[in-house]
Amino acid sequence: EPEVTQTPSHQVTQMGQEVILRCVPISNHLYFYWYRQILGQKVEFLVSFYNNEISEKSEIFDDQFSVERPDGSNFTLKIRSTKLEDSAMYFCASSARDNDGYTFGSGTRLTVV
Amino acid sequence: AQSVTQLDSQVPVFEEAPVELRCNYSSSVSVYLFWYVQYPNQGLQLLLKYLSGSTLVKGINGFEAEFNKSQTSFHLRKPSVHISDTAEYFCAVMNSGYSTLTFGKGTMLLVSP
């Protein structure tokens, strides 16, 4: 069964450093997403991406965040200057249609120290 | 804006007993509804979805859910649970015409022998 692959599974970074979280969505999917889950809290929407541009973003997705699909297969989330409160599990997802259930990756646990 | 309420943070149940995990939503427009399962240290896996048509939806692993528009509910049921069903279950809603998911806080299903 096709999978969404996320790397790394766990990343530790110092506050103020830039991090890039990587995702390889399912190859024939057209819609891409990032969500995050702070420990003990809800899974929250960050951003959706379609046709090489952001289609929706939440209030969480401020100027510190950016997404890119640099080569037609990878989908990355960059946090420019990490804060302690960015510590969370970050999930990438993709879907074939915009009203379909997503396929999620296994997540990247980001720990900011 | 839509919201999802999962009333039970934890549901303990014995193996082979039936279980119902409750989910209520609020939205001012038509919605699509989803249940996801998260096993320990894994990503979110789609269990089932309601987009339209029959209000009783069958999913993987013997789970089913019923969409009740008048009660704005989408409860998840299984007639006989296994130890392997121990996991966190998330209800999510998507507004028709949009592609973002709003998640509930999750319900931890604990199945014991």
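The values are calculated or read from the model by the stated rules, or taken from the named source; none is laboratory data. Computed from a predicted model, the values in this text were never measured in an experiment. Quick reminder, even Gly has a Cβ in these numbers, built from the backbone with ideal geometry, and neighbours come from all protein chains shown. Please note that ligands, DNA and RNA were not included when accessible areas were found on the heavy atoms of the full protein model with its side chains. Shrake-Rupley method; radii C 1.70, N 1.55, O 1.52, S 1.80 Å.
Please work out how much length the chain gains when fully extended from A:ASP71 to A:ILE54, using 0.36 nm per residue of separation minus the C-alpha to C-alpha distance, in nm with one decimal. Walk me through the numbers on the way to the answer.
Details: separation 17, 0.36 × 17 = 6.12 nm, distance 1.61 nm.
My answer for the length gained is 4.5 nm.
Hey, rough spin-label estimate for B:GLN71 and B:MET108, points 7 angstrom out along Cα→Cβ, what's it come to in nanometres?
With each label point 7 Å from Cα toward Cβ, the separation is 2.7 nm.
What does the charge add up to near B:VAL37, with Lys and Arg as +1, Asp and Glu as -1, over the other residues with Cβ less than 12 Å from its Cβ?
Details: positive: B:LYS78; negative: B:ASP85, B:GLU88.
Cβ neighbours under 12 Å give a net charge of -1.
Can you pull the percent of segment A:1-68's accessible area that's carbon plus sulfur, 1.4 Å probe, other chains left in place?
Values: 1780 of 4130 Å².
Carbon and sulfur atoms account for 43 percent of the accessible area of segment A:1-68.
Using label points projected 7 Å from each Cα along Cα→Cβ, tell me how many nm separate A:VAL24 and B:SER52, to one decimal.
It works out to 3.6 nm between the two label points.
With a Förster radius of 45 Å, plug the Cβ-Cβ distance of A:ASP98 and B:ALA17 into 1/(1 + (r/R0)^6) and report the FRET value to the nearest 0.05. Before the final figure, lay out each step's value.
Details: r = 38 Å, r/R0 = 0.85.
That pair, A:ASP98 with B:ALA17, gives E of 0.70.
Give me the number: length gained by fully extending B:GLU64 to B:GLN45, i.e. 0.36 nm times residue separation minus the C-alpha to C-alpha distance, one decimal in nm. Before the final figure, lay out each step's value.
Details: separation 19, 0.36 × 19 = 6.84 nm, distance 1.48 nm.
Full extension from B:GLU64 to B:GLN45 adds 5.4 nm.
With every protein chain present, what is the per residue accessible area of segment B:17-113 (1.4 Å probe, Å²)? Write down the numbers at each step before the final one.
On the way: 4240 Å² over 97 residues.
On a per-residue basis, 44 Å².
In segment A:1-24, which residues have a backbone nitrogen under 18 Å from the label point lying 7 Å from A:THR111's Cα in the Cα-to-Cβ direction?
A:7-21
Per-residue Cβ counts within 10 Å, from other chains only, averaged over A:89-100: what number is that?
Going residue by residue through A:89-100 and averaging, the value is 3.
Quantify how strongly other chains surround peptide A:33-44 by giving the mean number of their Cβ atoms within 10 Å of each of its Cβ atoms.
On the way: counts 3, 0, 4, 0, 5, 0, 0, 2, 3, 9, 11, 3.
Taking the mean over all residues of the peptide, I get 3.
What does the structure give for B:93-105 when I average, per residue, the other chain Cβ atoms found within 10 Å of the residue Cβ? Let's see the in-between values first.
Numbers: counts 0, 5, 1, 1, 2, 5, 13, 11, 10, 4, 7, 2, 4.
Shielding by partners across B:93-105 averages 5.
FRET efficiency for A:GLN17 and B:GLN10, Cβ-Cβ distance as r, R0 = 45 Å, nearest 0.05? Before the final figure, lay out each step's value.
On the way: r = 36 Å, r/R0 = 0.81.
Efficiency for this residue pair is about 0.80.
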